[in-house]
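**Q** Got a structure for you, written out below as structure tokens; questions coming shortly.
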Amino acid sequence: MSHFAWKAYRDWPGHAWLALPIRLYLGSVFLLACYHKVLHPDQFALDVATYQFLPLALINLFAITLPWVELGSGVLLVTGWKSRGAALLVALMMLAFIVALASALHRGLDMSCGCFASNAVAGDDPISGMTLVRDGIWLAMALHVLLFDRNPLGPGRFRTWLRRRRGTSLKTKEDVR
């Protein structure tokens, strides 16, 4: 793809409309994913430990912190405020999740994902290659928002539109004199 074609694609104004359902979907996924983890960080810590990926000293900190990062990212994606920053966080989380899942699969661990509920609750959701595919798709979605949603539909864009509208329709004190 030539530089001109890439720039034309990157600057296409339709990205905001294409990214809107992606943002709403990903934000909803992360809001659903954090729900159980926020309510039961002890159970989530056990799920994290089951992956045998983090040192034991970091498991509790990770189990307490990650759900709140998921919550914040989900809210920002759904509202469209600072959505590119949220998409960066989601992309980094997805990369970490993919590495942890691939490691667990490679080592033959028989466990559930723990993504939306604890192992004890969701014993019927074993990790598999499809879990990696799902996370890869979510990573691609987050990268799309990060790279192409430069003017997201949301409060920031509405505020800019309102300022422009007020600037053209309302007269200042100097104009009245």
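The values are calculated or read from the model by the stated rules, or taken from the named source; none is laboratory data. Predicted model only: the values in this text are computed from it and were never measured. Note that we place each Cβ from the backbone using ideal geometry, even for glycine, and neighbour counts take in every protein chain shown.
**Q** Being among the β-branched types (V, I, T) and more than 18 Å from A8 (Cα to Cα) is the filter; apply it to the range 134-161 and report the residue that is farthest from the chain's Cα centre (by Cα). Outline the logic, then answer.
**A** Kept after step one, since they are among the β-branched types (V, I, T), are these residues of the range 134-161: 137, 145, 160.
Now drop any that are not more than 18 Å from A8 (Cα to Cα), which leaves 137, 160.
Details: I137: 12, T160: 24 Å.
The residue in question is T160.
**Q** Within the group A19, A87, which residue is under 22 Å from T131 (Cβ atoms), surrounded by 15 or more Cβ atoms within 10 Å (Cβ to Cβ), small (G, A, S) and in contact with a helix residue (DSSP H, G or I) (Cβ under 9 Å, 6 or more places away or on another chain)? Reasoning before the result, please.
**A** Details: A19 fails: under 22 Å from T131 (Cβ atoms).
Going through A19, A87 in turn, just one is under 22 Å from T131 (Cβ atoms), surrounded by 15 or more Cβ atoms within 10 Å (Cβ to Cβ), small (G, A, S) and in contact with a helix residue (DSSP H, G or I) (Cβ under 9 Å, 6 or more places away or on another chain): A87.
**Q** Inspect the range 66-76 for any residue being exposed (fewer than 14 other Cβ atoms within 10 Å of the Cβ), assigned to a helix (DSSP H, G or I), free of Cβ contacts under 8 Å to residues at least 12 places away in the same chain and within 14 Å of the chain's Cα centre (by Cα) and give the result as yes or no.
**A** no
**Q** Do we have A33 as assigned to a helix (DSSP H, G or I), of a type outside the set (V, I, T), in contact with a Lys or Arg (Cβ under 8 Å, 6 or more places away or on another chain) and closer than 21 Å to D135 by Cβ here?
**A** Here the answer is no, as A33 does not meet what is asked.
**Q** Something else now. Mind listing whichever residues of the range 125-144 are hydroxyl-bearing (S, T, Y) and in a helix (DSSP H, G or I)? Lay out the reasoning, then the answer.
**A** So the first thing to find is which residues in the range 125-144 are hydroxyl-bearing (S, T, Y), and the list is 128, 131.
Within the range 125-144, T131 is the sole residue that qualifies.
**Q** Residues that are in contact (Cβ under 8 Å) with a residue 12 or more places away in the chain, more than 18 Å from P21 (Cα to Cα) and in contact with a strand residue (DSSP E or B) (Cβ under 6 Å, 6 or more places away or on another chain): does the range 82-96 have at least one?
**A** There is no residue in the range 82-96 that is in contact (Cβ under 8 Å) with a residue 12 or more places away in the chain, more than 18 Å from P21 (Cα to Cα) and in contact with a strand residue (DSSP E or B) (Cβ under 6 Å, 6 or more places away or on another chain).
**Q** Filter the range 145-159 down to residues that are modelled with pLDDT of 75 or more and in a helix (DSSP H, G or I) and give me whichever is surrounded by the fewest Cβ atoms within 10 Å (Cβ to Cβ).
**A** Once the filter is applied, the top-ranked residue is L147.
**Q** Could you check the range 100-118 and list, in sequence order, the residues that are without any contact (Cβ under 8 Å) to a residue 24 or more places away in the chain and loosely packed, with under 15 Cβ neighbours inside 10 Å?
**A** Those that are without any contact (Cβ under 8 Å) to a residue 24 or more places away in the chain and loosely packed, with under 15 Cβ neighbours inside 10 Å: H106, G108, D110.
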